[in-house]
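The values are calculated or read from the model by the stated rules, or taken from the named source; none is laboratory data. Quick caveat: nothing in here was measured; it's all calculated off a predicted structure. Virtual Cβ from ideal backbone geometry, glycine too; neighbours counted across all protein chains shown. Heavy atoms of the whole protein, side chains included, go into the accessibility calculation; ligands, DNA and RNA do not. Shrake-Rupley method; radii C 1.70, N 1.55, O 1.52, S 1.80 Å.
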Amino acid sequence: MPRYKLTIEYDGTNFSGWQIQPDAVTVEQTLEDAFQQILQQKVDLIGQGRTDAGVHARGQTAHVDFSDEVDVQKLVYGVNGIVGEEIQITEIEKVSSEFHSRFDALSREYEYTITTRCIPLMHHCSWQLKKAIDMQKLEKCATMLNGEFDFAGFSKFNEDNFTTLCEIQRSEFEVEGEVIKYHIRSNRFLRNMVRRLLGTMVRVAEGKITIKNFQRILENTETQIPSYTAPAKGLILEKVYYNS
């Protein structure tokens, strides 16, 4: 059966994340149900990884196998009509039967949005701090993250992790008036890692903890200094990178 790679965009506000869970509405389950409704058979989507409840995506990826008889463009059109405006498949492409959306991914990139005032039109996709913060401190913390570190101190424990080492390839802030965007790219991410990094950096910028505190959490996973978790709604999975 031919294999296809899907690129999926979604507003995660009303979903309990990507991954199928019992008694919860998830993005993966909603898509699989729509495929099954059209094809009248079970479809197994394999996502590149999970996003948590409330987290959004512009470039989530997954792979799926269809028979030769399926008109994939027509199928995607139908699925997009069923799932509604909060989820859309934006691209479908035929790939090698050996392709795996998770194991072939080289890196992932996230964007986190902060606003320094209440912006109603960005309510569902930003952390609205409603006050100015120290950008120099934010930028200093972001620069410290470039390279490979053990991020156990900035993540939620997950017994399935084979390692808590991650290599950060991009970590920088971008300011657009009252909007601050944080961009981070890594070969892998741990659960809650981006939100805990961002939340703790904001604590530094607010003067509630020091840059040295931030550095201690980064360098010593056994430190008693707590990290802080930013709200899910400001986080967007921007892109998953592959060789081709």
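Please verify whether Arg58 is among the basic types (Lys, Arg), within 25 Å of His183 (Cα to Cα), modelled with pLDDT of 95 or more and open to solvent by 70 Å² or more (accessible area, probe 1.4 Å), treating the condition exactly as stated.
yes
Is one or more of the residues making up the range 57-73 of a type outside the set (S, T, N, Q), touching a His at 6+ places or on another chain (Cβ under 9 Å), under 18 Å from Glu109 (Cα atoms) and in a strand (DSSP E or B)?
Within the range 57-73, none of the residues are of a type outside the set (S, T, N, Q), touching a His at 6+ places or on another chain (Cβ under 9 Å), under 18 Å from Glu109 (Cα atoms) and in a strand (DSSP E or B).
Yes or no: Phe35 buried (at least 18 other Cβ atoms within 10 Å of the Cβ) and over 22 Å from the mean Cα position of the chain (by Cα)?
On the way: buried (at least 18 other Cβ atoms within 10 Å of the Cβ): yes; over 22 Å from the mean Cα position of the chain (by Cα): yes.
Against the criterion (buried (at least 18 other Cβ atoms within 10 Å of the Cβ) and over 22 Å from the mean Cα position of the chain (by Cα)), Phe35 qualifies.
Could you pull out every one of the strands (runs of 3 or more DSSP E) wholly within the range 141-202 that has 2 or more residues that are touching a strand residue (DSSP E or B) at 6+ places or on another chain (Cβ under 6 Å) and buried (at least 18 other Cβ atoms within 10 Å of the Cβ)?
Qualifying strands (runs of 3 or more DSSP E): 165-176, 179-186.
Restricting to the range 166-193, name every residue that is hydrophobic (A, V, I, L, M, F, W, C) and within 18 Å of the chain's Cα centre (by Cα).
Restricting attention to the range 166-193, the residues satisfying the condition of being hydrophobic (A, V, I, L, M, F, W, C) are 166, 168, 173, 175, 179-180, 184, 189-190, 193.
Across the range 166-193, the qualifying residues are Cys166, Ile168, Phe173, Ile180, Ile184, Phe189, Leu190, Met193.
Looking for something touching a residue at least 60 places away in the same chain (Cβ under 8 Å), open to solvent by 30 Å² or more (accessible area, probe 1.4 Å) and either among the acidic types (Asp, Glu) or in a loop (DSSP other than H, G, I, E, B) (or both) - is there at least one such residue anywhere in the range 120-128?
Among the residues of the range 120-128, not one is touching a residue at least 60 places away in the same chain (Cβ under 8 Å), open to solvent by 30 Å² or more (accessible area, probe 1.4 Å) and either among the acidic types (Asp, Glu) or in a loop (DSSP other than H, G, I, E, B) (or both), which makes the answer no.
Within the range 192-244, count every residue that is hydrophobic (A, V, I, L, M, F, W, C), more than 12 Å from Phe154 (Cβ to Cβ) and in contact (Cβ under 8 Å) with a residue 24 or more places away in the chain.
9
What's the number of the only condition in (1) within 24 Å of Gly234 (Cα to Cα); (2) hydroxyl-bearing (Ser, Thr, Tyr); (3) open to solvent by 30 Å² or more (accessible area, probe 1.4 Å) that Thr51 fails to meet?
(3)
Going residue by residue through the range 10-27, is there one that turns out to be surrounded by 15 or more Cβ atoms within 10 Å (Cβ to Cβ), under 22 Å from Val95 (Cα atoms) and among the charged types (D, E, K, R)?
No, there is no match, as no residue in the range 10-27 is surrounded by 15 or more Cβ atoms within 10 Å (Cβ to Cβ), under 22 Å from Val95 (Cα atoms) and among the charged types (D, E, K, R).
Which condition from (1) more than 30 Å from Arg117 (Cβ to Cβ); (2) open to solvent by less than 30 Å² (accessible area, probe 1.4 Å); (3) assigned to a helix (DSSP H, G or I) is the one that Ile217 breaks?
Tallying (1) more than 30 Å from Arg117 (Cβ to Cβ); (2) open to solvent by less than 30 Å² (accessible area, probe 1.4 Å); (3) assigned to a helix (DSSP H, G or I), Ile217 fails exactly one: (1).
Looking at (1) in a strand (DSSP E or B); (2) more than 23 Å from Val194 (Cα to Cα); (3) open to solvent by less than 30 Å² (accessible area, probe 1.4 Å); (4) not charged (D, E, K, R), which is the one condition that is false for Val79?
The number of the failed condition is (1).
Against the conditions (1) under 19 Å from Glu86 (Cβ atoms); (2) β-branched (Val, Ile, Thr); (3) over 23 Å from the mean Cα position of the chain (by Cα), where does Val43 fall short? Just the number, please.
The failed condition is (1).
Please specify each residue of the range 99-110 satisfying the condition of being touching a strand residue (DSSP E or B) at 6+ places or on another chain (Cβ under 8 Å) and either assigned to a loop (DSSP other than H, G, I, E, B) or open to solvent by 50 Å² or more (accessible area, probe 1.4 Å) (or both). Full working, then the answer.
If we filter the range 99-110 for residues that are touching a strand residue (DSSP E or B) at 6+ places or on another chain (Cβ under 8 Å), which is where we start, we get 99-102, 105-110.
Phe99, His100, Ser101, Arg102, Ala105, Leu106, listed by residue number.
Going through Thr90, Thr113 one at a time, which residue ends up being under 19 Å from Ala230 (Cα atoms) and either modelled with pLDDT of 95 or more or part of a strand (DSSP E or B) (or both)?
On the way: Thr90 fails: under 19 Å from Ala230 (Cα atoms).
The conditions single out Thr113.
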